[in-house]
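Scroll down for the structure; my scribbles are underneath it.
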Amino acid sequence: MTFGCGVFVAVAGDGMHQVMTSPDGVTWTAQTAAEANFWQSVTFGNGVFAAVAVDGTHQVMTSNCPTSPAPPVTTPAAPVTIQPRFTG
């Protein structure tokens, strides 16, 4: 889960609602994911929400800050290959 532009955004790997938004962290609204992938994580920076998935054709989903009180719309980004990085 992340917070930006006055909106909390959470993603889930499976289930009926893979993307949820909330103005207050209490009341949540289901959004449409760009694809029915296993969404792993979401972050916010420079006015953009970005979510990554472990499977699917488009493994990155981005959304700009909403310009009105409406929740952000999710759209697929260009396909990328995510390489695992191990430290230790």
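The values are calculated or read from the model by the stated rules, or taken from the named source; none is laboratory data. Predicted model, so just to flag it, every value in this text is computed and none were measured. When we count neighbours, we look across all protein chains shown, and the Cβ atoms used for this are built from the backbone with ideal geometry, even at glycine.
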Expected single match for out of contact with any Cys (no Cβ under 6 Å at 6 or more places or on another chain) and part of a loop (DSSP other than H, G, I, E, B) among ALA34, ALA51, ALA10 is ALA34
In the range 10-44, residues that are touching an Asp or Glu at 6+ places or on another chain (Cβ under 8 Å) and buried (at least 19 other Cβ atoms within 10 Å of the Cβ) total 1
Of the candidates ALA50, ALA77, the one satisfying the condition of being surrounded by 12 or more Cβ atoms within 10 Å (Cβ to Cβ), modelled with pLDDT under 80 and among the hydrophobic types (A, V, I, L, M, F, W, C) is ALA77
